[in-house]
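Notes follow once the structure below has been shown.
Every read-out reported here was derived from the displayed coordinates using simple, explicitly stated rules and does not represent laboratory data. Keep in mind that this is a model prediction, so the values were computed, not measured. Cβ: placed from backbone, ideal geometry, glycine included. Neighbour counts: every protein chain shown.
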Amino acid sequence: MAIEFDCPYCTAAIRVDDAAAGKQGACPKCGTTLVVPRLAEIETEVVQSSPATAATEPDVVPDIVPDMVPEFQSRPQASVSSRVRRRRHRRGGLLFPLACGGTLLLAITVAWFLNDPSRFQGSLVGELTASYAGTEVLVPRSIDPGLVEGPAELFSAMVESLKERTGRVRSNVMVVVFVESEGTLEVQIEPSQEYRLVRVALSQSEALRTFVESQANRLDGLRREDLTAELGKLVSAWHAARTADEVFDGWTGYRETVGLSALVGGVGHHAMAQTGRQNLPCLYESGGALFFLVPASLGEFRLIGRRRGDGSMPFPADFRVRIGPGN
């Protein structure tokens, strides 16, 4: 005897053997998992829904059941443990490609880092020579107004005020002068007589030359960032003095951070001459060479890198520099 019932989801008519009563299976039309009702349950449902018809025609099958209905294949319900295993299997199948992708990305990143042409891999140590140079090479330079952040009118007003009173910063090594020149802020150098100007060519060492070729732009970017920050402080200090109706005399604090930073490039900004008693900043950079003012009696010094506020040293150099007649 067959059991006939409708799928409660897609209303498909289903006919199965009575041996499947109470078992679970899938609807042949929509695939929904169903439990085959028992014959007694179907008869009760028919009696409740249409008692008159059931009493008079107990053996009549409803007309909606087709002559040929796909056989309903019953199957046991999957256990909880088997469902958990299937879920773990699906998750495990994704872990392998994800792990491979992550490893590949890491390998590409490491390869790029190790082969990055802007990353210097040499050693900046050894010996160099320096030669005396004439002070005529110290040509004044103007500060790029594009480096100034904040109100442009304040910077212009500060530059204009230098027509009446230049900013002079004197030390035992040199005099740094801030002047107005054709509407721009210009920096000039006046060396002290007790100090001599020396020139260190950057092409003497293969490692140093390679470093400059690969790192000069990055170092100059850092220099411009520093100069922009210090120019902002300078303009603010000058404006505060003017607001208080006072003469601005704070140029000393900006001798190196603004004055010398405008006269050097990226390498010079991060280079220093260590004489044993003091560290002297590079005061000029031109033609592939660094220029320092050192004591007239000095025979040698160390060319070292300047450590920044964050502890980094973009120019990791330590050269012994001998001062001779020429190089």
- prompt: Hey, with R₀ at 41 Å, roughly what FRET efficiency would Ser181 and Thr275 work out to, going by the Cβ-Cβ distance, to 0.05?
  reply: 0.80
task: Could you grab the relative contact order for segment 199-327? Cα pairs under 8 Å, six or more apart, rounded to a whole percent.
output: 22 percent
- request: Return the distance in nm (one decimal) between the two label points of a simple spin-label model at Asp6 and Thr228, each offset 7 Å from Cα along Cα→Cβ.
  value: 7.5 nm
Segment 293-327: trypsin sites (Lys or Arg not before Pro) in DSSP loop, at most 14 other beta carbons within 10 Å: Arg307, Arg308
- prompt: How much FRET efficiency would the formula 1/(1 + (r/R0)^6) give for Ser236 and Met313, where r is the Cβ-Cβ distance and R0 is 35 Å, rounded to 0.05?
  reply: 0.75
Fewest-first sequence of Ser181, Ser205 by Cβ atoms within 10 Å of each Cβ: Ser181, Ser205
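Using alpha-carbon pairs under 8 Å, 6+ residues apart, how would you state the relative contact order of segment 186-259 in percent?
Working: 21 pairs, mean separation 18.6, N = 74.
Reported as a whole number, the value is 25 percent.
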Loop GluC sites (Glu not before Pro), segment 191-247 (other Cβ atoms within 10 Å of the site Cβ: 15 or fewer; DSSP): Glu194, Glu246
- request: Count neighbours as other Cβ atoms within 10 Å of each site's Cβ, and list the GluC sites (Glu not before Pro) in segment 123-167 that are DSSP loop with at most 11 such neighbours.
  value: Glu164
- line: Amide H neighbours of Val321 at under 5 Å, excluding residues fewer than 5 places away on the same chain, with H built from the backbone geometry, are Leu128, Phe301, Arg302, Leu303
- request: Using the Karplus curve 6.51 cos²θ - 1.76 cosθ + 1.60 with θ = phi - 60°, work out ³J(HN,Hα) for each residue of segment 281-296 in order, rounded to whole Hz, and write x for Gly and Pro.
  value: x, 5, 9, 7, 9, 6, x, x, 9, 9, 10, 10, 9, 10, x, 4
